[in-house]
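Every number in this text was worked out from the coordinates using simple rules, so none of it is lab data. Remember, predicted model here, so these are calculated numbers, not experimental data. Cβ: placed from backbone, ideal geometry, glycine included. Neighbour counts: every protein chain shown.
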Amino acid sequence: MRDAIARALAWTLSLLLPARSRHRTTTPAATTPAPVSPWTRPWPGPSSATARAIFTAPETRGLTPEQRETFYATAWAELGYAYSHDVAISDVHHVTTAVA
């Protein structure tokens, strides 16, 4: 019984303590750099003031929803951004990435 206890203790200590054999590493393992947070870079899209100016333009007040979406798409295209017409169905405005 003592032999089984001693072997179990030796096995447990071998897992917890550093190795002493030729496979023991003296240098720490290479660490990968931490991923860069996207919040550390400035926002690449239009500012909220620009979006607000386009979506609340007084010229759109008398237009039908289809004409209004065309106006929005034209305004975004003038600034170099792609604007999807498909969002008119959901009534949510979405501006995609800048057009190259």
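How far is it, in nm, from the label point at THR12 to the one at PHE55 when both lie 7 Å from their Cα along the line to the Cβ?
The modelled label-to-label distance comes out at 6.1 nm.
Give me, ordered by chain and number, the residues 5 or more places off TYR81 or on other chains with an amide H under 5 Å from its own placed amide H.
Those qualifying (amide H under 5 Å, at least 5 residues apart or on another chain) are VAL99.
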